[in-house]
Number of protein chains: 4
Amino acid sequence: MTKNKLFMQNQKKLRMGMIGGGPGSFIGAIHRNAALLDGLIEITAGAFSSRADKSLETGKELMLDENRVYASYDEMFEKELQLPKSERIDIVSIVTPNHAHFDPTKKALEMGFHVILDKPMTLSYEEAKELYQVIQNAEGIFCLTHTYTGYPMIKQAKQMIADGVIGEVRKVYVEYPQGWLWKLLESEDNKQAQWRTDPSKSGASGCFGDIGTHAFNLAEYVSGQKVTKICADLSVKVEGRQLDDDGAVLMRFENNASGILTASQIDTGAENNLKIKIYGDKGGIEWMQEDCNSLMVRWPDKPDEIYRAGSPFLSSLAQENTRTPAGHPEGYIEAFANIYRNFARCIYARQNGQEPKKEWLDFPGSEDGIRGMAFVDHVLASSESEMKWVPFIVEK
Amino acid sequence: MTKNKLFMQNQKKLRMGMIGGGPGSFIGAIHRNAALLDGLIEITAGAFSSRADKSLETGKELMLDENRVYASYDEMFEKELQLPKSERIDIVSIVTPNHAHFDPTKKALEMGFHVILDKPMTLSYEEAKELYQVIQNAEGIFCLTHTYTGYPMIKQAKQMIADGVIGEVRKVYVEYPQGWLWKLLESEDNKQAQWRTDPSKSGASGCFGDIGTHAFNLAEYVSGQKVTKICADLSVKVEGRQLDDDGAVLMRFENNASGILTASQIDTGAENNLKIKIYGDKGGIEWMQEDCNSLMVRWPDKPDEIYRAGSPFLSSLAQENTRTPAGHPEGYIEAFANIYRNFARCIYARQNGQEPKKEWLDFPGSEDGIRGMAFVDHVLASSESEMKWVPFIVEK
Amino acid sequence: MTKNKLFMQNQKKLRMGMIGGGPGSFIGAIHRNAALLDGLIEITAGAFSSRADKSLETGKELMLDENRVYASYDEMFEKELQLPKSERIDIVSIVTPNHAHFDPTKKALEMGFHVILDKPMTLSYEEAKELYQVIQNAEGIFCLTHTYTGYPMIKQAKQMIADGVIGEVRKVYVEYPQGWLWKLLESEDNKQAQWRTDPSKSGASGCFGDIGTHAFNLAEYVSGQKVTKICADLSVKVEGRQLDDDGAVLMRFENNASGILTASQIDTGAENNLKIKIYGDKGGIEWMQEDCNSLMVRWPDKPDEIYRAGSPFLSSLAQENTRTPAGHPEGYIEAFANIYRNFARCIYARQNGQEPKKEWLDFPGSEDGIRGMAFVDHVLASSESEMKWVPFIVEK
Amino acid sequence: MTKNKLFMQNQKKLRMGMIGGGPGSFIGAIHRNAALLDGLIEITAGAFSSRADKSLETGKELMLDENRVYASYDEMFEKELQLPKSERIDIVSIVTPNHAHFDPTKKALEMGFHVILDKPMTLSYEEAKELYQVIQNAEGIFCLTHTYTGYPMIKQAKQMIADGVIGEVRKVYVEYPQGWLWKLLESEDNKQAQWRTDPSKSGASGCFGDIGTHAFNLAEYVSGQKVTKICADLSVKVEGRQLDDDGAVLMRFENNASGILTASQIDTGAENNLKIKIYGDKGGIEWMQEDCNSLMVRWPDKPDEIYRAGSPFLSSLAQENTRTPAGHPEGYIEAFANIYRNFARCIYARQNGQEPKKEWLDFPGSEDGIRGMAFVDHVLASSESEMKWVPFIVEK
């Protein structure tokens, strides 16, 4: 809840243009909530749909100037660049299905915009490698919305592990159970299910491209360890489905810790209760999204402790990512907003020629993005392989 | 998550001016988050502090036009009224300590602004009675932020009880445990503790004016029953404190249901886990803020059920007050934002000459406000009385 | 899990005769499980029912020698006394409805047996006063099965509070919610409901005689504080019922701590989730029967802690009352068995002329019994009174 | 809580002799609690230790006739067989470390005793195959104490899945997290740690022989599906340890369901919270030992349900395995006692020439035993293998 006040002088809200997020989009609305919550960003423009009428419909709902509602992102880029810098959008937010990540991100970066992109980074690992290079050379800042890294108690866990509080990490469990694809929903009139299970829109993996990447990212983020080899078993459990809807991966990390990652969209009745548990040689931490404001810290020889978001004794990393005192629950939108806020703070710092606080820099980017796409690629290869272990090597 | 699309044509964001919420204010920041989250309101002006420099400091942080940052609410009202209606603020948001609720609310309403006011409504019951009459005659809409009524599962509970799902209400338990005033914090440099325990700023009650009123409001809101008599036992548990920091109230409702309300700020170690449990002659409901996205529904002869926010089978009242599907936790800020959003939707409806949906009208107002102040007044009288029961009669 | 080995030399199992607990009795079966679990007691005799055939039926199920199955307790006392001391029962266990507590307890004690009696101690306060004197003069040991004091984490809480860990007690909440009498079950064929709601068998109070006394006993036991005045509000919520089925009591303790006690049998859908929360001027403890192996310890300025039954760092009082290491849940029968085991250990100590360990002496007795009956008496008087407070004075 | 009364005529308690369970044994004491709880079994004899003085020490604590406390099981078998059948032990309970399972079990069965044996069945798969044949030909009844199958809500889950309530099983998660071997405890004076990590006493696997087998048994028991292939990754995480202390196994079942089994003894701070989650094509079930009286039942399109032990609407399989009404927690000892009780009931039925109720027959036996040993054998092989999948084939 702290704020670097000096840096806030004479500034204006950052202007954002959104790509995707038209009528019926779930994630587009969440991105907008997250961007608006802290008052640092305003939504100024958008190419919300590839259909002009749909794009306009959303633009009107958002009460935008109709001149800044576009029928394509190419048009948005072109027209916005013609505006004076003081009016032009600063940020491009991309919330399209996976097949429409690469091109607008690349173009936006090449034109000098800052980009915040919904995960996974691209449709394929090949695209990811190319985009990774683009990002390294871009002037703008790139952010990838691995939402779950935005939770304050996840930040607290990461910091405690980095500080050695639970000792050397030996064991990482991460599970991402969903049940919403328990039946062939894509054969009904469900847009979300349709694109998520369509290889041309989602890429070569369904469940693992969508939520497996979140789980993988969280495991590496919190543990501070990188995966070095994997053994995967993916399935299609619902007949007629084109992409994996379930899977499990055994993992080993660089320090030889063991890991188990499970992700499913056919755990019938499960909602979205992402969980992570990490054990070191001194203690352990456990977190789950359903109780996202608590971090259980376990000890072998004294009472377990519950750290709670908003407590004054938390690490600065956790505190920079909360808005309320303990007992006032924050949730998914706030976690998402933490990513937007840190991204925005870093943009301000750059505009002002300031050094951002290290806590602000803690948001996911191209490194997370390429590792996520490599993970999907390797999981698919491993799942096909008769050998147990596939080395996990990320080419950039 | 539904939205009445027709009504959204050609509209602009509602412009809001805030009174209070300057440097160090907790609740001011929350009001701003809540107002901004859904993109219906923009913060345009403010008199954030009675000190001009402090007001400006906050105005700059919010990146406001400095011309619209004022040193007093009187100045704000005067200057804003000189602006054309298309630029002038629509809404006044009042987040000052209790002693500064009555005057700005009365003036703002009399000048035709819509007002959203932090609870409790006033410093005293006498003020409340006068303000109640002002509100009845005002053109603008009045909203009182009893936050907890904004939670979707509280809405669900209210609807289920109103629909008779758990039968005739027999028993209401409501408890509001906090521990933050466990020591004489007001003797340290803690502004929050100082005004909360100062009768000239908080009124005749400390704990009950602050959180007892929330608990009372929630009990009546969810049960659908009005309190008819009470028996109160307030205490000052921390030596040297001027106002009650703890208490319990036995209650009876109009249908003869029994109730127990407890509120404390000296439950050392407790955060803010407001709970309500209501039992009828067919079943019961239980809710607590720490698990705010769940509603436990209990049955005598079949398995208990857990209703979860975001589930498609919830009542329209719950669904209108969520943004995410089940499993994506929403929290305190979203509950607060639900009140702002419904308030804003009703303002739009009025501006557009439309009938608001009945779900939008479900936000707390003057009736809640005057009952809350009457509750504080009666609790204090009962606590002093040697008789067990004090009739609860609200004069308007 | 420790054991004083020396004291176990050359001993035989204690022989127990049971009064009540015939066909259909719930609590009789529980007493037998509790008595048998640790192998210190054997069931040798019984007068299980006032009907000889029913008594025999239970005796056969228990595989007793038919000569030691009696048709009345008077017969049991007479015949057992004729047996040599080495065969005769040592213990009388009394599990009848309340109206049949006084007489057999008095007689058994006067004949020199040790007595373990189901709560509440008697049908009326008058009986309790008389029995209290009998117990003071008796040779045998008297134990009253206030089950909930047998839980290891309740012992831990009591010890921590006695040791000042949470500081001076300021606040005690105890609630005992049941829902099984949500309808007029006594008009159906339900023996349990019939006697519980019949004044001639249960005494002047229903819910408060049954479970209110448990809650009261637990509050005093854990807090270490005695109640000094009360304000009660009892109800009959189900039409046609003869005794209270719901109530709440405000309390003050000798050190001026405040308390709230609620007990209900019409919290429809509630099972038996007895809860206690106590806050001092340094921290707080919270326990509930549904999670009986955990004790939550709350702090204002550091993470909350969870103490767990079976942990090696618990107090000796807790450790003497567990059998399994942490993570192997113990429950209601084990809590009950702890009372039986401590009672038995004290009998052995007396037989062997040894000093019992102080942890063994920690079981409820006549003091708990008379205070419980005084509580019921005062609650009924207070509930009728128009005055708020009734002093709580126990005559012996 | 039902009981087949007819079968209880004229019977005496079953007499049991215990092998192992001398001073310091955890599991021996639990077996005794479990055997005694329901009053069907008495402990009559024992060879509690291979040291005569230690055996006698335990015998005295149990208040046994010293003539029936033996220095070896061979002596016990020999002497007991010389007693008349009406005095001789009926049951042999074997609670020694794994290396001392095979021989006494084989002998006891061959001499006509009923045998109840702690898991795992033997030291090695080879022994298991031989013992399996012995059991098939034995007159006595054989029971293997896979404790967790004794929990009432596990029984309920098994029955609901067998009845098709959650549809065709697609996914099985089972995890058994412990942390007690987080350091090299076997180098300290800890007997439990010493034999558990010593191949000559525990067999070829440590963690998987001890708790992995429990998890495997539970997965097959509840799901009603048999494992057909596995992929294992075992580790020794604590330097200097001789046997695996951690591992994970991917599994496939006969109906092509996927499974993930994890077991660890180095999840530092974890107690013993065994969990199982199974999802079918209609719904899912979730259970964990820490909340062992609840079964969560999840649905995709209506509220989740919580089934609670002791509820009158549970299956007969669950009801036969509880003693208390809902809300009176039962735990680990009761689950263990359920196995003993069902075993005892079947012995009575056989003695009386009666047909046991089908619910009584539901206890683990030789089939569970040999599959468990095969599981350990295959897990070790798979963990060494470079190939992903190892077929799971049980030879008998």
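Put +1 on the Cβ of each Lys and Arg and -1 on the Cβ of each Asp and Glu in the range C:1-109; which of C:11, C:52, C:41 then has its Cα farthest toward the positive end of the dipole?
Value: C:11.
Mean separation of Cα pairs under 8 Å and 6+ residues apart, divided by the residue count of the range A:45-160: what relative contact order is that in percent?
Values: 157 pairs, mean separation 20.6, N = 116.
For the range A:45-160, the relative contact order is 18 percent.
What's the magnitude of the charge dipole for the protein assembly as shown around its Cα centre, counting Lys and Arg as +1 and Asp and Glu as -1 at the beta-carbon? Answer in Debye, nearest 20.
On the way: 180 positive and 224 negative charges, 1 e Å.
The dipole magnitude comes to about 0 debye.
Can you classify the range B:201-298 as rounded, prolate or oblate using the Cα gyration tensor, where a ≥ b ≥ c are the square roots of its eigenvalues, rounded means a/c under 1.5, and otherwise it's prolate if a/b beats b/c and oblate if not?
Oblate is the answer for the range B:201-298, as a/c is 1.5 or above yet b/c matches or exceeds a/b.
Tabulate in residue order the Karplus-calculated ³J(HN,Hα) for the range A:93-105, using 6.51 cos²θ - 1.76 cosθ + 1.60 with θ = phi - 60°, rounded to whole Hz; enter x for Gly and Pro.
10, 10, 10, 6, x, 3, 5, 10, 9, 4, 4, x, 5
Long-range amide H contacts for residue A:143: which residues qualify at under 5 Å (H placed 1.01 Å from N, peptide plane, sequence gap of 5 or more or a different chain)?
A:115, A:116, A:117
Report, as a whole number in µm² per second, the diffusion coefficient that Stokes-Einstein gives for the range A:173-217 at 10 °C and 1.306 mPa s using the Kirkwood radius over alpha carbon pairs. Write out the running numbers ahead of the final one.
Details: Rh = 11.2 Å.
Diffusion coefficient, whole number: 141 µm²/s.
If N is the number of residues in the range A:180-254, what value comes out of its Cα radius of gyration divided by 2.2 N^0.38 Å?
1.24
If you filter the range C:239-325 for chymotrypsin sites (Phe, Trp or Tyr not before Pro), then keep DSSP loop positions with at most 15 other Cβ within 10 Å, what is left? Walk me through the numbers before you get to the answer.
Values: sites: C:253, C:279, C:287, C:307, C:313; in loops: C:313.
Loop-located and lightly packed - C:313.
Hey, got the average number of other protein chain Cβ atoms within 10 angstrom for residues in D:378-390?
So the per-residue partner count for this stretch is 2.
Below 15 angstrom from the Cβ of residue A:197, what's the summed charge of the other residues (Lys, Arg +1; Asp, Glu -1)?
In short, -3.
May I ask you to work out the translational diffusion coefficient for the range B:128-233 at 37 °C, viscosity 0.692 mPa s, via Stokes-Einstein with Rh from the Kirkwood sum over Cα pairs, reported in whole µm²/s?
Estimated diffusion coefficient is 197 µm²/s.
Tell me the mean residue ellipticity at 222 nm calculated for the protein assembly as shown from its helices only (DSSP H runs of n ≥ 4, each -39500 (n - 2.57), averaged over every residue, nearest 500).
Dividing the helical sum by the residues of the protein assembly as shown leaves -9500 deg cm²/dmol.
To one decimal in nm, how far is residue A:86 from the same spot in the other copies, if labels go 7 Å from Cα toward Cβ? Please give the shortest first.
2.2, 11.0, 11.1
Can you list the aspartates and glutamates whose alpha carbon sits under 16 Å from that of residue A:358, skipping same-chain ones fewer than 8 residues off?
Excluding near neighbours in sequence, the set is A:163, A:320.
Tell me which D residue has its C-beta closest to the axis rotating D onto A, and the distance in Å?
D:388, 2
Per-residue HN-Hα couplings for the range C:24-37, Karplus 6.51 cos²θ - 1.76 cosθ + 1.60 at θ = phi - 60°, whole Hz, x for Gly and Pro?
Once rounded to whole Hz, the list reads x, 6, 6, 6, x, 5, 5, 4, 5, 4, 5, 5, 7, 3.
Let me check I have the definition right: for the range B:64-169, take the eigenvalues of the Cα gyration tensor, multiply each by 5, take square roots. What are those semi-axes in whole Å, largest first?
33, 17, 13
Would you work out if the range B:14-70 is rounded, prolate or oblate? Take a ≥ b ≥ c from the square roots of the eigenvalues of the alpha-carbon gyration tensor; rounded if a/c is under 1.5, else prolate when a/b is larger than b/c, oblate otherwise.
oblate
Looking at chain C as a GNM with Cα springs under 10 Å, which of C:336, C:363, C:26 has the largest mean-square fluctuation?
Between C:336, C:363, C:26, it is C:26 that shows the largest mean-square fluctuation.
Copy-to-copy spacing for residue D:381, label 7 Å out on the Cα-to-C-beta vector, in nm, shortest first?
3.0, 8.0, 8.5
Distances longer than 17 Å among the Cα atoms of the range A:287-359: what percent of all pairs is that? Display every interim value, and only then the final one.
Numbers: 1410 of 2628 pairs.
So the portion of pairs separated by more than 17 Å is 54 percent.
Note the per residue figure in Å³ for the convex hull of the C-alpha positions in the range D:65-119.
About 82 Å³ per residue, rounded to a whole number.
Among the aspartates and glutamates, which have Cα under 14 Å from the Cα of residue A:129 when same-chain residues fewer than 8 positions away are ignored?
Hits, sequence-local ones excluded: A:103, A:367, A:368, A:377, A:395.
Inverting the mean 1/r over all pairs of different Cα atoms, compute the Kirkwood radius of chain C and quote it in Å.
Answer for chain C: a Kirkwood hydrodynamic radius of 21.6 Å.
Other chains near D:283-289: what is the mean number of their Cβ atoms within 10 Å of each residue's Cβ? Working shown, then result.
Values: counts 4, 8, 1, 4, 0, 0, 3.
Partner-chain Cβ atoms within 10 Å, mean over residues of D:283-289: 3.
Of B:277/C:226; C:226/C:396; A:229/A:396; C:155/C:191; B:13/B:85, which pairs sit farther than 25 Å apart, going by alpha carbon to alpha carbon?
In this structure, B:277/C:226; C:155/C:191 lie more than 25 Å apart at Cα.
Calculate the length of the line joining the C-alpha centroid of the range A:334-387 to that of the range B:109-164, in whole Å.
The range A:334-387 and the range B:109-164 have Cα centres spaced 43 Å from each other.
Highest mean first, what order results for C:296-304, B:162-170 on Cβ atoms within 10 Å?
So the order, starting with the most tightly packed, is C:296-304, B:162-170.
Return the average number of partner chain Cβ atoms within 10 angstrom of each residue Cβ along peptide D:104-112.
The mean count of partner-chain Cβ atoms within 10 Å per residue comes to 0.
Within the range A:240-335, which GluC sites (Glu not before Pro) sit in a loop by DSSP and count at most 14 neighbouring Cβ atoms inside 10 Å?
A:254
Averaging sequence separations of C-alpha pairs under 8 Å and six or more residues apart, then dividing by the length of chain C, give the relative contact order as a whole percent. It would help to have the intermediate numbers written out before the result.
Working: 879 pairs, mean separation 76.1, N = 396.
Relative contact order here is 19 percent.
With +1 on each Lys and Arg Cβ and -1 on each Asp and Glu Cβ, and nothing else charged, work out how big the dipole of the range B:191-283 is about its Cα centre, in Debye to the nearest 20.
On the way: 11 positive and 12 negative charges, 43 e Å.
I would put it at about 200 debye.
Could you grab the Rg to Rh ratio for the protein assembly as shown? Cα atoms only, Kirkwood for Rh.
0.98
For the range D:247-396, max minus min Cα coordinate along each principal axis, in Å, sorted largest first?
51, 45, 35
May I ask you to compute the full-extension gain from residue C:12 to residue C:358, defined as 0.36 nm times their residue separation minus their alpha-carbon distance, rounded to one decimal in nm?
122.3 nm is the gain from fully extending residue C:12 to residue C:358.
Hey, can you rank C:215-225, A:375-385 by average C-beta count inside 10 Å, highest first?
Going by the mean number of other Cβ atoms within 10 Å, highest first, we get C:215-225, A:375-385.
Using the Karplus curve 6.51 cos²θ - 1.76 cosθ + 1.60 with θ = phi - 60°, work out ³J(HN,Hα) for each residue of the range A:333-345 in order, rounded to whole Hz, and write x for Gly and Pro.
Once θ is set to phi - 60°, the couplings for the range A:333-345 become 5, 5, 4, 4, 5, 4, 5, 4, 5, 5, 4, 5, 4 Hz.
Quick note: the coordinates plus some simple rules give every number you see, no bench work behind them. As the structure is a prediction and not an experimental result, all values here were calculated from the model. Note that each Cβ is placed from the backbone with ideal geometry, even for glycine, and that neighbours are counted across all protein chains shown.
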